[in-house]
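Down below is the structure, laid out as C-alpha cells.
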Amino acid sequence: MFDHTPIAAASKAELYEELLLQARGLMQDEPNLIANAANFAALVFGQVPDINWAGFYFYDGTELVVGPFQGKPACVRIPLGRGVCGTAAESGATQLVADVHAFAGHIACDAASRSEIVVPLRRADGQLLGVWDVDSPLPNRFDEDDRLGMEALCGAFLAAIDG
C-alpha cells in the first residue's frame, strides 16, 4: 500500500526530489505500463502546484493516443510533429512552452491551459513509447527546475516499466 503524503518543499528542486522518491515507491515492483501510468499521473497531478492536466500520450506506431491522465477530457489522437506533444515525440526533445498560444500549431484541448511541458518517452531499446504532458492555467509556469524534475520522474517511470 502506498501512503500518499503531501509534500512541503522550500524549492522546486526539493519538491521534485521528494516527488521522485514517492514515484519510485509507488511503482516499486510493478512493471505494468497502465497501472504505473495511472498512478504516476495521479501522483504528479496531486502534488505539483498550479497545473490543470497531467498525463500520457502513447505512440501506437502511427500517432499519439491519450493514455492515463488527470484533468479535463483530452484530445484523443495527436499526429507526430503536431502541437507540443507531437513535436516532443518527433524531435525527441523536451518541450518547455511559456505561452501555448504563441506555439505554432498548438492543439488546444483545454482552453484554460496557458503553458505546457512535454517530455518524450523512449524505452530502453530506444523505441518511442510516447510523451508525458503537463499543462498549467498560468503563463510561464514551467522552468528549468521543472524540466529537470519532470525528466527525472519520467526516467523513474521508464525504469519501472522496462525493469
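The values are calculated or read from the model by the stated rules, or taken from the named source; none is laboratory data. Because the structure is a prediction, the values reported are computed rather than measured. Counting neighbours? That spans all protein chains shown, and the Cβs are built from the backbone with ideal geometry, glycine included. Quick note on the areas: whole protein, heavy atoms, side chains included, nothing else; ligands and nucleic acids left out. Shrake-Rupley method; radii C 1.70, N 1.55, O 1.52, S 1.80 Å.
For L138, the residues whose modelled amide H falls within less than 5 Å of its own, excluding neighbours fewer than 5 places apart on the same chain, are R114, S115. Positive end of the charge dipole of the range 35-163 (Lys, Arg +1 and Asp, Glu -1 on Cβ, about the Cα centre): tell me which of A88, T62, I117 has its Cα farthest that way. Going by the Cα projections, it comes out as T62. Its convex hull of Cα atoms gives the range 12-81 a direction-averaged projected area, equal to a quarter of the hull surface, of 5.6 nm².
Summarised as an ellipsoid, the range 99-163 has semi-axes of 25, 13, 9 Å, derived from the eigenvalues of the Cα gyration tensor scaled by 5 and square-rooted, with the largest first. With θ taken as phi - 60° and the Karplus curve 6.51 cos²θ - 1.76 cosθ + 1.60 applied, the whole-hertz 3J(HN,Hα) list for the range 65-78 is 10, 4, x, x, 7, 10, x, 5, x, 10, 4, 7, 10, 10 Hz, x standing for glycine and proline. If you take the Cα centroid of the range 84-151 and the Cα centroid of the range 1-79, the two points sit 14 Å apart. Computed with a 1.4 Å probe over protein heavy atoms only, the accessible surface of the range 30-134 comes to 43 Å² per residue. Ligands, DNA and RNA left out, the accessible area of the chain computed with a 1.4 Å probe is 52% carbon and sulfur. Under the membrane-span-like helix rule (DSSP H runs whose alpha carbons stretch at least 15 Å along the helix axis, mean Kyte-Doolittle hydropathy -1.0 or higher), the chain yields 12-27, 33-47, 144-162. Over all other residues within a Cβ to Cβ distance under 12 Å of A23, the charged ones net out to -2, with Lys and Arg as +1 and Asp and Glu as -1. Convex hull of alpha carbon positions in the range 42-163: directionally averaged projected area 6.7 nm².
Taking amide H as placed 1.01 Å from N in the peptide plane, the amide H of L121 sits under 5 Å from that of L129, G130, V131, W132, each at least 5 places away or on another chain. Database remark: amide H of L64 closer than 5 angstrom to the amide H of I78, L80 (H placed geometrically; neighbours at sequence offset of 5 or more, or on other chains; Pro and chain starts carry no H). Cysteines in the chain lacking any other cysteine Cβ under 4.7 Å from their own Cβ: C85, C154.
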